[in-house]
Amino acid sequence: MTARMDVLLGAQWGDEGKGKVVDVVAPDYDIIARFQGGPNAGHTLIFDGRKHVLHTIPSGVFREGTVNLVGNGVVIDPVTLVKEIRDLEAAGVDVRKNLLISRRAHLILPTHRALDAASEAEKGVGRIGSTLKGIGPTYMDKTGRNGLRVGDLELTDRMERYQALTRKHERLLALHDRPGAAPEASEEWLTAIETLRTLQLVDSEHYLDQALRQGKRILAEGAQGTLLDIDFGTYPFVTSSNTVSAGACTGLGIAPTRIGKVIGIFKAYCTRVGSGPFPTELSDATGERIRQVGREFGSTTGRARRCGWLDLPALHYAVMINGVTELAMMKADVLSGMSDLRVCTAYRVNGQVTDRMPYDISSTIEPVLEPVEGWGELRADRPIPTGLQHYIGLIEQHVGVPVKLVSLGPDRDQTLLRDKTLVN
Ligand code: GDP
Ligand code: IMO
Ligand code: MG
């Protein structure tokens with residue numbers, strides 16, 4: 001039987017700690033492949049006293065010998081990508097050797113970013129809270145069959161293609177009474193594509209197929225989270241790609257029958273950055289405490305993240321949609337020492353209690369909160385305290401899958417494997 005590809009993804013509203021877990025498990029894989037999203041992502045890795053934030057490059061980049069592939073489902077801003085490569089090179093990482101880029105990945109143009117800003121400005125109070133990286137407009141061009149792809153950069157008429165798309169965008173921007181991209185931005189973009197052209201561009205679906213046939217182990221790395229999925233998230237306050245496990249198939253060209261484990265990453269509480277419904281949000285001192293202790297400020301935009309209690313109906317929904325086989329729980333240390341912990345076990349919708357995620361999770365939803373026992377300091381060299389064990393037990397019972405990894409701090413080493421089968 002050929003090897004399987006495992007999938008690792010966010011089970012909440014993003015920023016669950018995907019980058020850290022990918023970095024921890026990367027030595028057990030030959031290839032780490034990003035399958036969707038773009039530089040709206042910010043994946044943080046901390047080891048040897050240094051912090052690195054990745055936006056486009058997969059989180060296996062610090063592991064010697066691991067191939068990092070940017071799949072067809074990703075949207076790439078050449079300027080961000082080139083800056084990321086330079087920063088990594090400055091930190092002594094030889095990125096180019098093991099970095100592969102799918103020819104089918106779409107490119108973010110400076111005018112996509114301008115269109116993103118125009119769209120958000122027009123929405124006013126109804127704005128999504130986008131990272132303004134041009135994600136929505138680029139995926140719109142992809143599905144609208146207008147997009148520019150990485151492989152187009154190898155064609156002789158690439159400049160004509162770029163100019164035609166830019167002109168189209170400028171006409172749209174004029175309708176919004178907005179200028180096109182600044183000349184410096186276009187200049188920077190054109191310089192960056194020259195660097196992008198020197199990278200290893202591949203037909204990634206064939207590359208991955210062959211790798212699986214050779215018995216290589218692949219981990220698909222998701223960006224954002226299930227509740228930001230274009231179909232199953234809290235629409236319209238979502239991103240523009242399929243963040244769920246099915247997205248790993250379309251975003252890499254891997255058949256569903258070849259998927260092995262699906263690892264869902266979640267925090268011991270919830271956060272959300274940007275607008276949109278958030279049933280367990282804490283707009284009080286407790287929410288502020290979690291924000292400060294958990295350093296809940298965006299890795300990409302620096303915005304304060306909204307914080308709230310763990311939402312089990314939402315986590316259960318993520319387990320269902322993704323077919324999660326095992327969970328990794330992050331940031332339990334942030335709740336250490338809190339005596340008034342709560343967890344949402346159901347919702348009250350129009351007076352009815354339900355544990356099902358409803359179609360419309362707007363303000364009419366009230367979380368049913370249950371008090372839980374707290375825990376003290378957590379250390380990787382000590383057993384998990386009883387309070388936390390009960391918390392994990394409650395989660396496992398509710399969602400029906402095991403929590404196999406518990407993260408006790410941001411560093412690579414602050415990680416506890418409850419079950420070694422997570423990584424083999
Ligand atoms: P990602 O987008 O899912 O990769 O997550 P981010 O990197 O955006 O956000 C997670 C943040 O939490 C980062 O600042 C990590 O360094 C940090 N982090 C990850 N795991 C833990 C943990 O177990 N405890 C604490 N305190 N911080 C963590
Ligand atoms: P990672 O991979 C958290 C949010 C934005 C906004 C909405 C749409 O680090 O978990 P977009 O830029 O896609 O138009 O924004 O989605 N968002 C994220 N929130 N983590 C992310 O990525 C996010 N990427 C986008 O804040 O609410
Ligand atoms: Mg992030």
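What number goes with the only condition from (1) outside any loop (DSSP other than H, G, I, E, B); (2) within 15 Å of ligand 1 (Cβ to nearest atom) that Thr300 does not pass?
Among (1) outside any loop (DSSP other than H, G, I, E, B); (2) within 15 Å of ligand 1 (Cβ to nearest atom), the lone unmet condition for Thr300 is (1).
Suppose we filter segment 317-355 for residues that are part of a helix (DSSP H, G or I) and farther than 23 Å from Glu296 by Cβ; how many remain? Before you say what the answer is, go through the steps one by one.
Let us first name the residues in segment 317-355 that are part of a helix (DSSP H, G or I), namely 317-322, 332-335.
In the following step, the residues that additionally are farther than 23 Å from Glu296 by Cβ were identified as 319-322.
Qualifying residue count for the region: 4.
With surrounded by 19 or more Cβ atoms within 10 Å (Cβ to Cβ), within 13 Å of ligand 1 (Cβ to nearest atom) and among the hydrophobic types (A, V, I, L, M, F, W, C) as the only criterion, which of Ile57, Ile85, Ile31 stands out? Talk me through it step by step, then tell me what you get.
Working: Ile85 fails: within 13 Å of ligand 1 (Cβ to nearest atom); Ile31 fails: within 13 Å of ligand 1 (Cβ to nearest atom).
Residue meeting the stated conditions: Ile57.
Taking segment 12-53 as the search range and keeping residues that are part of a strand (DSSP E or B) and charged (D, E, K, R), which one is farthest from Gly134 (Cα to Cα)?
Of the residues in segment 12-53, the ones part of a strand (DSSP E or B) are 31-34, 37, 43-47, 50-53.
Cutting the leftovers down to charged (D, E, K, R) gives us 34, 50-51.
On the way: Arg34: 18, Arg50: 29, Lys51: 26 Å.
Filtering first and then ranking leaves Arg50.
Could you grab me the full set of residues in segment 50-86 that are small (Gly, Ala, Ser) and either closer than 17 Å to Leu201 by Cβ or at pLDDT 95 or above (or both)? Can you show your working first?
First, the residues of segment 50-86 that are small (Gly, Ala, Ser): 59-60, 65, 71, 73.
Ser59, Gly60, Gly71, Gly73, listed by residue number.
Which numbered condition trips up Val319, out of (1) at pLDDT below 95; (2) closer than 14 Å to Gln12 by Cβ; (3) touching a Leu at 6+ places or on another chain (Cβ under 8 Å)?
Looking at each condition in turn, Val319 falls short on (1).
From the list Gly374, Gly337, which residue is surrounded by 15 or more Cβ atoms within 10 Å (Cβ to Cβ), over 27 Å from the mean Cα position of the chain (by Cα) and not basic (Lys, Arg)? Give the derivation first.
Numbers: Gly337 fails: surrounded by 15 or more Cβ atoms within 10 Å (Cβ to Cβ).
Residue meeting the stated conditions: Gly374.
If Gly14 satisfies all but one of (1) on the phi < 0 side of the Ramachandran plot; (2) touching a helix residue (DSSP H, G or I) at 6+ places or on another chain (Cβ under 9 Å); (3) within 10 Å of ligand 1 (Cβ to nearest atom), what's the number of the condition it fails?
(1)
Just checking: which of the helices (runs of 4 or more DSSP H) contained wholly in segment 86-187 hold 3 or more residues that are within 16 Å of ligand 2 (Cβ to nearest atom)? Before you say what the answer is, go through the steps one by one.
Working: elements: 110-123, 135-143, 158-175.
Once the helices (runs of 4 or more DSSP H) in segment 86-187 are filtered for at least 3 residues that are within 16 Å of ligand 2 (Cβ to nearest atom), what remains is 110-123, 135-143.
Quick check on my filter: what residues within segment 13-66 are within 24 Å of Gly253 (Cα to Cα), away from ligand 3 (no atom under 16 Å from the Cβ) and of a type outside the set (Val, Ile, Thr)?
Ala26, Pro27, Asp28, Tyr29, Asp30, Ala33, Gly60, Gly65
Do we have Arg295 as surrounded by fewer than 17 Cβ atoms within 10 Å (Cβ to Cβ), modelled with pLDDT of 95 or more and within 16 Å of ligand 2 (Cβ to nearest atom) here? Walk me through it before giving the result.
Working: surrounded by fewer than 17 Cβ atoms within 10 Å (Cβ to Cβ): yes; modelled with pLDDT of 95 or more: yes; within 16 Å of ligand 2 (Cβ to nearest atom): yes.
Spelling it out, Arg295 is indeed surrounded by fewer than 17 Cβ atoms within 10 Å (Cβ to Cβ), modelled with pLDDT of 95 or more and within 16 Å of ligand 2 (Cβ to nearest atom).
Taking segment 1-11 as the region of interest, how many residues are among the hydrophobic types (A, V, I, L, M, F, W, C), away from ligand 1 (no atom under 12 Å from the Cβ) and not in a loop (DSSP other than H, G, I, E, B)? Steps first, answer last, please.
Going residue by residue through segment 1-11, those that are among the hydrophobic types (A, V, I, L, M, F, W, C) are 1, 3, 5, 7-9, 11.
Of the ones still in play, those that are also away from ligand 1 (no atom under 12 Å from the Cβ) are 1, 3, 5, 7.
Now restrict to residues that are not in a loop (DSSP other than H, G, I, E, B): 5, 7.
Residues in segment 1-11 being among the hydrophobic types (A, V, I, L, M, F, W, C), away from ligand 1 (no atom under 12 Å from the Cβ) and not in a loop (DSSP other than H, G, I, E, B): 2 in total.
Which members of segment 400-424 meet the condition of being in a loop (DSSP other than H, G, I, E, B), away from ligand 3 (no atom under 16 Å from the Cβ), under 17 Å from Asp23 (Cα atoms) and of a type outside the set (D, E, K, R)?
Filtering segment 400-424 for residues in a loop (DSSP other than H, G, I, E, B) gives 400-402, 408-410, 412-414, 418-419, 423-424.
Now restrict to residues that are away from ligand 3 (no atom under 16 Å from the Cβ): 400-402, 408-409, 412-414, 418-419, 423-424.
Next, only the ones that are under 17 Å from Asp23 (Cα atoms) stay: 408-409, 412-414, 423-424.
Once the filter is applied, which keeps residues that are in a loop (DSSP other than H, G, I, E, B), away from ligand 3 (no atom under 16 Å from the Cβ), under 17 Å from Asp23 (Cα atoms) and of a type outside the set (D, E, K, R), segment 400-424 yields Leu408, Gly409, Gln414, Val423, Asn424.
Restricting attention to segment 72-80, does a residue exist that is more than 14 Å from Ile135 (Cα to Cα), small (Gly, Ala, Ser) and not in a helix (DSSP H, G or I)?
Within segment 72-80, none of the residues are more than 14 Å from Ile135 (Cα to Cα), small (Gly, Ala, Ser) and not in a helix (DSSP H, G or I).
Only one of (1) more than 16 Å from ligand 3 (Cβ to nearest atom); (2) surrounded by 15 or more Cβ atoms within 10 Å (Cβ to Cβ); (3) at pLDDT 90 or above is not met by Ala328, so which one is it?
So Ala328 meets the others, but not (1).
The values are calculated or read from the model by the stated rules, or taken from the named source; none is laboratory data. Computed from a predicted structure; not experimentally measured. Quick reminder, even Gly has a Cβ in these numbers, built from the backbone with ideal geometry, and neighbours come from all protein chains shown.
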